[in-house]
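Undergrad: Below are the C-alpha cells for one structure; questions will follow.
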Amino acid sequence: MTATPALPPLPRIDVETPADAGAVEALVLAAFGPGRFAKTAERLRETAGLSAGFVARLDGRIIGSVRLWAIWIDGAPALFLGPIAVAFEHRSAALGTELVSRCLDHARTKDVAGILLVGDLPYFGRFGFVPAPEVRMPGPVDQRRVLWWGDDLPRGPASPFDRGLPPGA
C-alpha cells in the first residue's frame with residue numbers, strides 16, 4: 001500500500017488588520033518598487049479613506065494583498081482597487097483571482113456605484129471590468145488602462161474621499 005502524498009497547505013484569504021500594514025507595504029514595495037509613488041493611481045490612494053483590504057496568508061506569512069479605497073466619481077461613491085500584489089514565488093497560484101473576487105464580493109455589500117482601477121483589460125476583463133474612457137484621473141494615465149466594474153459606465157473626475165468614507169463604502 002502506498003501512502004498518498006500530503007497536499008501543500010492552501011493560502012487563506014483574510015480581511016487585512018492594522019497589524020498587517022507593515023507586511024502589506026513590504027509586499028507592495030517588493031512587487032512595484034519605489035516607482036509606484038509616482039503613479040497617478042497613488043494620488044487617489046494618498047488621501048482616500050481605506051474601505052477594505054484583503055490578504056492571502058500561508059503559514060502565517062502574507063503572500064498577497066489588495067486594498068479598496070473610497071473615492072468619488074463625479075459625485076457618486078465608488079471604490080478604487082489597488083494595488084494588488086502577490087509574492088513572486090506564488091504568482092502562478094491564482095491568488096490574484098481570489099483577491100479580486102473578494103473585492104467584488106465586498107463591493108456588492110456596499111452602496112457604491114462600482115469599482116475603478118488602472119490595470120490590464122486582458123486580466124481584469126474576466127471579472128467583468130470594462131474600459132472607462134470618460135473617467136478623468138487626477139493626473140496623467142494611459143486612458144486605455146482605466147477600467148470599471150459596475151452597472152453604469154461612469155463619467156467625470158475621480159477624486160479621493162478624504163473626510164472619512166463616503167456613504168455606504
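The values are calculated or read from the model by the stated rules, or taken from the named source; none is laboratory data. All values reported here derive from a predicted model rather than from experimental measurement. Heads up, the Cβs are rebuilt from the backbone with ideal geometry, glycines too, and the neighbour counts pull from every protein chain shown. Side chains included, ligands, DNA and RNA excluded: accessible areas come from the protein's heavy atoms. Shrake-Rupley method; radii C 1.70, N 1.55, O 1.52, S 1.80 Å.
Undergrad: Taking PRO157 and the conditions (1) closer than 27 Å to GLY33 by Cβ; (2) surrounded by fewer than 17 Cβ atoms within 10 Å (Cβ to Cβ), which numbered condition does it fall short on, given that it satisfies the others?
TA: Of the numbered conditions (1) closer than 27 Å to GLY33 by Cβ; (2) surrounded by fewer than 17 Cβ atoms within 10 Å (Cβ to Cβ), the odd one out for PRO157 is (1).
Undergrad: Taking the conditions exactly as written (within 24 Å of ARG57 (Cβ to Cβ) and either surrounded by fewer than 22 Cβ atoms within 10 Å (Cβ to Cβ) or free of Cβ contacts under 8 Å to residues at least 40 places away in the same chain (or both)), does PRO83 satisfy them or not?
TA: Answer is yes for this residue.
Undergrad: Go through (1) of a type in the set (Val, Ile, Thr); (2) buried (at least 20 other Cβ atoms within 10 Å of the Cβ); (3) not in a strand (DSSP E or B) for ILE71 and report which single condition fails.
TA: Checking ILE71 against (1) of a type in the set (Val, Ile, Thr); (2) buried (at least 20 other Cβ atoms within 10 Å of the Cβ); (3) not in a strand (DSSP E or B), the one that fails is (3).
Undergrad: Just to be sure I understand the filter: pairs with C-beta atoms under 6 Å, separated by 6 or more residues or on different chains, first member in segment 104-117 and farther than 10 Å from ILE71 by Cβ, second member among the aromatic types (Phe, Trp, Tyr) and open to solvent by 10 Å² or more (accessible area, probe 1.4 Å). Which pairs pass?
TA: GLY114/TRP149
Undergrad: Mind checking which residues of segment 9-25 are part of a helix (DSSP H, G or I) and either over 16 Å from the mean Cα position of the chain (by Cα) or in contact (Cβ under 8 Å) with a residue 24 or more places away in the chain (or both)?
TA: PRO18, ALA19, ASP20, GLY22, ALA23, VAL24
Undergrad: Which one of ARG57, ARG102, ARG43 is over 11 Å from the mean Cα position of the chain (by Cα) and assigned to a helix (DSSP H, G or I)?
TA: ARG43
Undergrad: Would you say VAL55 is over 24 Å from THR17 (Cβ atoms) and in contact with a strand residue (DSSP E or B) (Cβ under 7 Å, 6 or more places away or on another chain)?
TA: No: the conditions fail for VAL55.
Undergrad: Can you report the number of residues in segment 28-56 which are open to solvent by 20 Å² or more (accessible area, probe 1.4 Å) and aliphatic (A, V, I, L, M)?
TA: 5
Undergrad: Note down all Cβ pairs under 8 Å where the first residue falls in segment 122-133 and is closer than 16 Å to CYS103 by Cα, the second is in a loop (DSSP other than H, G, I, E, B) and open to solvent by less than 30 Å² (accessible area, probe 1.4 Å), and they're at least six residues apart or on different chains.
TA: PHE129/GLY119
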